[in-house]
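Below: the structure, in C-alpha cells.
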Amino acid sequence: MTPLSSEVPAARDELLAALDATVVAARGSTLYRERLADVRIRSLDDLRRLPFTTRADLQRAGLHGTRAAPLTRVCHYQESSGTTGAVNSAWLTAGDLLRSARAIRAALPDVFAPGKIVLNRFPFMSAPAHLIQLIAQEGGGVVIPAGNINWDVPFPRALEMTQRLGVQVLASMPMEPAVLGELARAQGIDPARDLAVETLFLGGSPLPPALQRTLTKMWDARVVELYGSTETMLLGTSCAHGTLHLETELAYCEVLDPETQAPVGPGGQGNLVVTTLGLEGSPLVRLDTGDVVRLAAEPCPCGSPRPGGVVLGRAADVVEMGGRRLFSYEVIDVAAQAAETLGSAVFFVVVLPSRLLIRIEARSEDAGPALALARRLLGSVPVEVELVPPGYLLSVDTLSRSPKVYKPVVMSDWRRASRKILTVMEGMIEWPRPPMVEIRRAIAATWAAFRRRRQLERELRVAGPSNR
C-alpha cells in the first residue's frame, strides 16, 4: 500500500482505513497522544499534513514513549544498537512479530520451505533472529539458533555446523558470509564446492551489487536482501531478480524529495518516510527513517506489484568529496569491485577529509588494476588503494580460536567517528589470548596499523580544521 500502488479505489479505501487505524492506535502512546489528538485520516492529504516523526523525537519520548499497547499485551522488547550514541526502543506484540515473519515467508516460499536447514546468525538482540525462528515454527524450515554475538556458536563452530548439518540457508548480516568463507578457505574448504548453502539471506547494512557478486561467487548461492529497522520492523525483501521490494502490507512508504517534500516518481530518489500498518506495540506515523531510497524506474520482471528500489544509506552518512555526494551503498560497492579485481573478498574503507582510502587484503603487490577501477568509478573523488597481506584486515587465526565477536563493519568515517578503525578485526573482536606464533604475527599487523594510523592522523593535523 504505497503511493505507487494505490490508484484502484478499493485499494485506496483499504489503505486509508489502515492509516487511520494506525493514527488511532498511536494516540495510545505518550509520543503521539497530543500530537495526533482528534486527527483522522480520510485522504492522503490528511496524512501528508502531519509532521514527520524524527529519531530525535523517539529519543526524547524515552523508553516507553512509543508504546501504545499495555505491557500485558507486549511480548518482545528491542532497541537499536546505539552505534550513533543513542538508542531507540520498540515494544512488540506477538501479532507484530508474526505479521513480519509471515510476510517474509510469503515473499520467499522457496527459501523458507519445510525441511530447509537454516543457520540463523543474526544477533539475538535483533528482530530478524526471532522472525526466522517464527518462520520455522510455522513450517518454514529447521532453524539453528547461532547468533554471531554469541559465545556458544563462534565462527569455527558455525562453520563446522554448516558443513556437518548440511545448512542450506545462511541468515546473517552481509559480511558474515565473507568472514565464514575466509575461515573455510583457511581450512581447505571451498564454500561453493564443499558446502550445501544455496541461499544467503542478508540484512543489517548496505548490500551493493559488487558485494552480492563476491558472495554469490564465493558460495555459489543466491543472495536475498532483507530490509527493515528496529523501529519499523520489516520493510522489504528482494526477489529472484535481485530487486528489493517494499513490503506494502506492513508499511506505507513515502519517498520524498528532500527539498520540496513532494513524492518522487519511478526512478526518483528521496528520503524514506514510513507509517507502520497494523503494528500494535509501537506504531509510528510518518517516521523519517533517515534512509535515502532510489525507486526502480521500471516494473520488476518478477511481476510483483510491490514497488522496487535501492536503499542507498543514511542521509547523515553521505560522503561529500570531489564535488560528489556518495552514499555508503556506493562507497562499499566501489571498494568491493576494487577488491574483486584482485580476487579478494576482504576490504576496509576509511573516509578521510581529503580522500577515500580503500584497504584490500591481497597476495598481489600491484594495486594498479584496483586503483584504476576505483578512479574510473569515483571520477573526481580522490581515492587511494592500499594493499595489505592476508590476515591484516581479517585474522582467520584469531577467529579460529573462538573469540568474542561483534557486528562486522567494513567502513569507518574518520571525519565523524571518535574511534578510528582501520581493519575489520578492530571493529569486531575483543582480543583473546593468542599463542606465541600468532603474537608475533599480530604484533606485525598491529605495528603496521599503528604506523599507518599515525601517518594519517599526522596528515589530518597538517591539513588543519579548514580542510575537514
For this session: Could you size up the charge dipole of region 95-313 around its Cα centre, putting +1 on the beta carbon of Lys and Arg and -1 on that of Asp and Glu, and report it in debye to the nearest 20?
Result: 540
Exercise. Which value, in nm² and rounded to one decimal, describes the direction-averaged projected area of the C-alpha convex hull of region 95-313?
Worked result: 11.9
Seminar exercise, completed: Gyration tensor on Cα atoms of region 293-350, a ≥ b ≥ c root eigenvalues, a/c under 1.5 rounded, else prolate if a/b beats b/c, else oblate, says oblate
Seminar exercise, completed: Ordered by fewest other Cβ atoms within 10 Å, a rough proxy for footprinting exposure, MET436, MET425 read MET436, MET425
For this session: Quickly rank 71-79, 238-246 as a protection proxy: mean count of other C-beta atoms within 10 Å, highest first.
Result: 238-246, 71-79
Exercise. By how many nm would the segment from VAL87 to ASP110 lengthen if fully extended, with 0.36 nm per residue of separation less the alpha-carbon distance?
Worked result: 4.8 nm
Problem set entry | Potential lengthening between MET161 and ASP257 on full extension [0.36 nm per residue; Cα-Cα distance subtracted] | 29.9 nm
Exercise. Restricting the count to DSSP beta bridges whose residues both fall in the chain, what percent are antiparallel, rounded to a multiple of 5?
Worked result: 60
Exercise. ALA196 to ALA21: FRET efficiency via 1/(1 + (r/R0)^6), r the Cβ-Cβ distance, R0 45 Å, to the nearest 0.05?
Worked result: 0.55
For this session: Whole Å is fine, so just give me how far the alpha carbon centre of region 257-300 lies from that of region 301-356.
Result: 20
Seminar exercise, completed: Computed over the chain: longest principal axis from alpha-carbon atoms vs helix 328-341 long axis, angle to nearest 10 degrees, is 30
Exercise. Computed from the mean reciprocal separation of all distinct C-alpha pairs, what Kirkwood hydrodynamic radius does region 58-203 have, in Å?
Worked result: 16.5
For this session: Evaluate Rg over Rh across the chain, taking Cα atoms for both radii and Kirkwood's formula for Rh.
Result: 0.97
For this session: Evaluate the relative contact order of region 24-115 (contact order divided by residue number), counting alpha-carbon pairs under 8 angstrom at least 6 apart; express in whole percent.
Result: 24
Exercise. On average, how much area does the Cα convex hull of region 122-175 cover when viewed from any direction, in nm²?
Worked result: 3.8
Problem set entry | Hydrodynamic radius of region 312-408 per Kirkwood, over alpha carbon pairs, in Å | 14.2
Exercise. Given +1 on the Cβ of Lys and Arg, -1 on the Cβ of Asp and Glu, and no further charges, what dipole in debye does the chain carry about its Cα centre, rounded to the nearest 20?
Worked result: 1320
Problem set entry | Antiparallel content of DSSP bridges confined to region 95-313, in %, to 5 | 60
Seminar exercise, completed: In region 166-278 the DSSP beta bridges are antiparallel at a rate, in percent to nearest 5, of 60
Exercise. Can you give the angle from 0 to 90° between the axis of helix 155-164 and the longest principal axis of the chain, with both taken from C-alpha atoms, to the nearest 10?
Worked result: 80
Problem set entry | Between 0 and 90°, nearest 10: helix 94-107 axis offset from the chain longest Cα axis | 70
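Bear in mind these aren't lab numbers, they're just calculated from the coordinates by the rules spelled out. None of the values given here were measured: they were computed from a predicted structure. Cβ sites come from the backbone with ideal geometry, for glycine too, and all protein chains shown count toward neighbours.
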